[in-house]
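Peer 1: Pasting a structure here, questions to come.
The values are calculated or read from the model by the stated rules, or taken from the named source; none is laboratory data. Keep in mind that what you see is a predicted model, and the values were worked out from it rather than measured. FYI the Cβ positions are ideal-geometry reconstructions off the backbone, even for glycines, and counts take in every protein chain you see.
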Amino acid sequence: MTTITSTNSMLNWLEKANAKTYGNFINGEWTPSKGGKVFSIFNSSNQQQLLASFQASTVSDVDIAVNAANEAFKTWSKVPGPDRASILFKFADLLEKHIDELAFMLSAEQGKVLAESKGEVIRAAKETRFTAGEASRGAGQTLPGERPNVWNSTIRKPIGVIAAIAPWNFPVVTPVRKIVPALANGCTVVYKPSSVTPWTSARLMELLSEAGVPSGVVNLVVGSGSQVGNALVNHPLVKGISFTGSTKMGLEINKQAAARLAKTQLELGGKNPAVVLDYDDVEYVAKQISSAAFACSGQRCTAISRVIVLREKQEELIGALLAELQKIKVGPSWDEGATMGPLVNQSQLDAVQKYIEIGKTEGATLLYGGEVLTNGDFGKGAYMNPAIFTDVTPNMRIAKEEIFGPVLSVLAVDSIEEAFELANDVEYGLAAAVFTKDLRAAYQFADQVESGMVHINHGTASAAHLPFGGTKNSGFGAFSIGSTNVDFFTEVKAVYFQY
């Protein structure tokens, strides 16, 4: 295939969008970095197309932004919860109003197909509305006193300035998942997006401002982890760090934050299993696994990357999985027929291809896919076919390590007990799925699997109002989304009242 068909709307929009240079968004204004350096980003589906340029920020920029957020906290923390909620509801409306524009920007900088990008914006609006409602429910407790004439109660208070650090795979929903609950609970934010995907972040700042978020309450500083990230984590006025990214980086952030007793909320890596025990419809199971494995080109922490199947079901399931992989159409984000876009950049493609070679060397069978696509327009991006390995054994690196790409490994076992044991036999514990008709086995799996989220008879798709997080090396601190966010963004104060 050398010619790629496309929808005109996204391409036309990109052609008309001037590649502007964005400043940092600090205290309600777009300002250049004190360092005076900028960098540029390009279309993931067409690396020849310049999208925008951004600030290569310095420690000084971080300090200015944190101080602005700290000053804004003095007033924002006193705004009543329902009033904060009103602003956030307006922001949710604006996300939906600008869904096409945001999806175009997201698909261009990150590479995921347009349908996925629109779904991400819709999810961000849903999460915003749920969290906005929580702003009016910041309840404490009233407790009986142990002494006469004393009332006891607890109240929740916002902790202060939050450093929000997001990755490149979900550049709309991940920052929303950090910024919105911070604001709902009365905190202020300095947000660092990934330097790979900062374009949609700039638009989010504009929409938050349009919704009525006061100056200084949310600030954007773009730059490298070594400059911006480290400065944020170690700034004495930053009281909490919400980070999504690699386990290695999360552990380092936690170490630095602990040295000054700053709170952390860490969403880290995953090596998520789908345990297949029995089924009525093998095609349904294969569709669920394929969707969870290859959405976002496999570049998501909750992607299914291991299929653990009872040996008697192995052949039938592999056949159904192979049929699903063969239906996947790789193409650029704007191609209305594409179901999987490119990887975010060449560096990520190289990393995934290294694992393809490791799998072969270790003795696994590459049953399908894995090829790099370079013909015609594919040469303008980091394209590859989705891959499936069979004959995978538990100690292989492709069965243990997070690949973060469109690679699926199938491991066969002889018993339910072995399947459950193997599901836990990795350092991660983010999401897990089980497919079974046996109610007892389903509950047993939910109880025994070492995972923050469990999915029974469907892929690893989460909801906008349920807690999201992991155990072991997949996460630390209060889960995000849902009601658990309050445990990170607030602290408890006990009040004794004698009358």
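Peer 1: Among the residues of the range 126-136, are any part of a strand (DSSP E or B) and assigned by TED's automatic domain parsing to the domain that holds residue 14?
Peer 2: The answer is no, given that none of the residues of the range 126-136 is part of a strand (DSSP E or B) and assigned by TED's automatic domain parsing to the domain that holds residue 14.
Peer 1: Scan the range 84-105 for residues that are more than 19 Å from residue 9 (Cα to Cα) and in contact with a Lys or Arg (Cβ under 6 Å, 6 or more places away or on another chain) and jot them down.
Peer 2: 92
Peer 1: Among the residues in the range 137-160, are any under 22 Å from residue 101 (Cβ atoms) and either in a helix (DSSP H, G or I) or in the same structural domain as residue 77 (by TED's automatic domain parsing) (or both)?
Peer 2: no
Peer 1: Another question, then. Among the candidates 431, 419, 446, 412, single out the residue that is under 30 Å from residue 159 (Cα atoms) and hydrophobic (A, V, I, L, M, F, W, C).
Peer 2: 431
Peer 1: In addition: Among the strands (runs of 3 or more DSSP E) lying completely within the range 214-322, list those that include at least 2 residues that are buried (at least 21 other Cβ atoms within 10 Å of the Cβ), touching a residue at least 60 places away in the same chain (Cβ under 8 Å) and among the small types (Gly, Ala, Ser).
Peer 2: Fully inside the range 214-322 and qualifying: 238-244.
Peer 1: Would you call residue 66 touching a Gly at 6+ places or on another chain (Cβ under 8 Å), modelled with pLDDT of 95 or more and among the aliphatic types (A, V, I, L, M)?
Peer 2: In short, no.
Peer 1: Can you tell me how many residues within the range 451-497 are of a type outside the set (S, T, N, Q) and either part of a loop (DSSP other than H, G, I, E, B) or over 27 Å from residue 78 (Cβ atoms) (or both)?
Peer 2: Residues flagged as of a type outside the set (S, T, N, Q) and either part of a loop (DSSP other than H, G, I, E, B) or over 27 Å from residue 78 (Cβ atoms) (or both) within the range 451-497 amount to 24.
Peer 1: Hey, among the residues in the range 161-184 that are among the hydrophobic types (A, V, I, L, M, F, W, C) and either modelled with pLDDT under 95 or part of a loop (DSSP other than H, G, I, E, B) (or both), which one's nearest to the chain's Cα centre (by Cα)?
Peer 2: The residue in question is 170.
Peer 1: Answer yes or no as to whether residue 249 is under 19 Å from residue 186 (Cα atoms) and under 22 Å from the mean Cα position of the chain (by Cα).
Peer 2: Spelling it out, it is not the case that residue 249 is under 19 Å from residue 186 (Cα atoms) and under 22 Å from the mean Cα position of the chain (by Cα).
Peer 1: Looking at (1) under 30 Å from residue 329 (Cβ atoms); (2) crowded, with 20+ Cβ neighbours inside 10 Å, find the lone condition where residue 69 falls short.
Peer 2: Going through the list (1) under 30 Å from residue 329 (Cβ atoms); (2) crowded, with 20+ Cβ neighbours inside 10 Å, residue 69 breaks only (1).
Peer 1: May I pose another question? When the residues of the range 306-344 are filtered to those that are touching a Ser or Thr at 6+ places or on another chain (Cβ under 9 Å) and of a type in the set (Asp, Glu), which remaining residue is farthest from residue 380 (Cα to Cα)?
Peer 2: In this case the residue turns out to be 324.
Peer 1: Of all residues in the range 421-435, how many are buried (at least 24 other Cβ atoms within 10 Å of the Cβ) and more than 24 Å from the chain's Cα centre (by Cα)?
Peer 2: Counting residues in the range 421-435 that are buried (at least 24 other Cβ atoms within 10 Å of the Cβ) and more than 24 Å from the chain's Cα centre (by Cα) gives 1.
Peer 1: Scan the range 12-43 for residues that are loosely packed, with under 15 Cβ neighbours inside 10 Å, farther than 15 Å from residue 54 by Cβ and of a type outside the set (S, T, N, Q) and jot them down.
Peer 2: 15, 16, 29
Peer 1: What is the residue count in the range 169-205 for residues that are in contact with a His (Cβ under 9 Å, 6 or more places away or on another chain) and surrounded by fewer than 24 Cβ atoms within 10 Å (Cβ to Cβ)?
Peer 2: So the answer is 1.
Peer 1: Which condition breaks for residue 337 when tested against (1) at pLDDT below 95; (2) within 23 Å of the chain's Cα centre (by Cα)?
Peer 2: Going through (1) at pLDDT below 95; (2) within 23 Å of the chain's Cα centre (by Cα) one by one, residue 337 breaks only (2).
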